Amino acid sequence: YRNSVLNGTVTAYFVDFKDRIARSFNPDTLVSHDWNVGSTTTQGLEVEVGTVPAAGFSAYASASYTKSTMDGDLARTATTVYAPKGKQMPDTPKGMAALGLQYASGPFMVNLNGKYTSGRFLTLVNDLRIAGYTTLDANLAYQLPNFGLFKNPLVRLNVSNLSDHRYLLANSGSGSSMAFDATGNPSVYLGAPRFASITLQSDF
């Protein structure tokens, strides 16, 4: 959808997995394990809306809903059978949303971005869950005049997790830490604290 004020898209999707592989990372042994969790069904909806800049102001918003469920039961040993059928895949948030606001005037630009991620399960049977969280990022940029070999130089201040919000993650970057059930004691990771950086970029 597009008009003189708004641009927007809506996307619906459905994915039928066969023999889906789930990867679990153990931070104590630094070893990853691949599990075949059988068939899974993923369906969802994504919505994005952005405004056309007006008087220097613009905004962007997005939201998504994902339902990713396992279709069968999973046997680990001859005597122990786990029943994840109908449960949400671990480390798969059902809801995510983002909102960005920007103001630009001449060489100056400021941008604020908020992001919400819903809670996620850590186990295949969904008996252990970490809470959702919201973070806020900001950046300010200023376009400097050209000088010498430097063309379009830009200095930028970036601040991530502006409120220094403390939250937990199921993924360390090396893979999600998940287990069959809570007795497997899956690990969690602390989200990144507030971080600020200054960058200078230029064309040549």
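Give Asn158, Asn152 a once-over and let me know the one that is under 26 Å from Ala59 (Cα atoms), open to solvent by 30 Å² or more (accessible area, probe 1.4 Å) and at pLDDT 95 or above.
Asn158
Can you tell me how many residues in the range 170-198 are outside any loop (DSSP other than H, G, I, E, B) and open to solvent by less than 40 Å² (accessible area, probe 1.4 Å)?
4
Determine if the range 138-160 includes at least one residue that is on the phi > 0 side of the Ramachandran plot, of a type in the set (Gly, Ala, Ser) and over 20 Å from the mean Cα position of the chain (by Cα).
Checking the range 138-160: at least one residue is on the phi > 0 side of the Ramachandran plot, of a type in the set (Gly, Ala, Ser) and over 20 Å from the mean Cα position of the chain (by Cα).
List pairs: first in the range 134-162 and closer than 30 Å to Gly191 by Cβ and without any contact (Cβ under 8 Å) to a residue 60 or more places away in the chain, second surrounded by 15 or more Cβ atoms within 10 Å (Cβ to Cβ) and hydroxyl-bearing (Ser, Thr, Tyr), Cβ under 6 Å, 6+ apart or cross-chain?
Cβ pairs passing all conditions: Thr134/Tyr116; Asp137/Ser160; Asn161/Thr135.
When only residues in the range 25-59 that are open to solvent by 90 Å² or more (accessible area, probe 1.4 Å), hydrophobic (A, V, I, L, M, F, W, C) and modelled with pLDDT of 80 or more count, which is farthest from Asn171 (Cα to Cα)?
Per the criteria, the residue is Ala55.
Do you know which residues across the range 109-149 are surrounded by 14 or more Cβ atoms within 10 Å (Cβ to Cβ) and aromatic (Phe, Trp, Tyr)?
Passing the criteria: Tyr116, Phe121, Tyr133, Tyr142.
Report every pair of residues separated by at least 6 positions or lying on different chains whose Cβ atoms are under 9 Å apart, first residue within the range 40-59 and touching a residue at least 12 places away in the same chain (Cβ under 8 Å), second of a type in the set (Lys, Arg) and part of a strand (DSSP E or B).
Final answer for the pair search is Thr41/Lys67; Thr42/Lys67; Gln43/Lys67; Gly44/Lys67.
Give the range 1-11 a look and list any residue that's surrounded by 10 or more Cβ atoms within 10 Å (Cβ to Cβ) and within 28 Å of Lys67 (Cβ to Cβ), or say none.
If the condition is that a residue be surrounded by 10 or more Cβ atoms within 10 Å (Cβ to Cβ) and within 28 Å of Lys67 (Cβ to Cβ), then Leu6, Asn7, Gly8, Thr9, Val10, Thr11 are the ones that fit.
Can you give me the number of residues within the range 1-24 that are modelled with pLDDT under 85 and in a strand (DSSP E or B)?
5
Check the range 167-182 and report whether any residue there is within 19 Å of Gln102 (Cα to Cα) and in contact with a strand residue (DSSP E or B) (Cβ under 6 Å, 6 or more places away or on another chain).
no
The values are calculated or read from the model by the stated rules, or taken from the named source; none is laboratory data. The structure presented is a predicted model; accordingly, all values stated were derived computationally and were not measured. Methodologically, a virtual Cβ is constructed for each residue, glycine included, from the backbone with ideal geometry; neighbour enumeration extends over all protein chains shown. These accessible areas exclude ligands, DNA and RNA; they are computed on the full protein's heavy atoms, side chains included. Shrake-Rupley method; radii C 1.70, N 1.55, O 1.52, S 1.80 Å.
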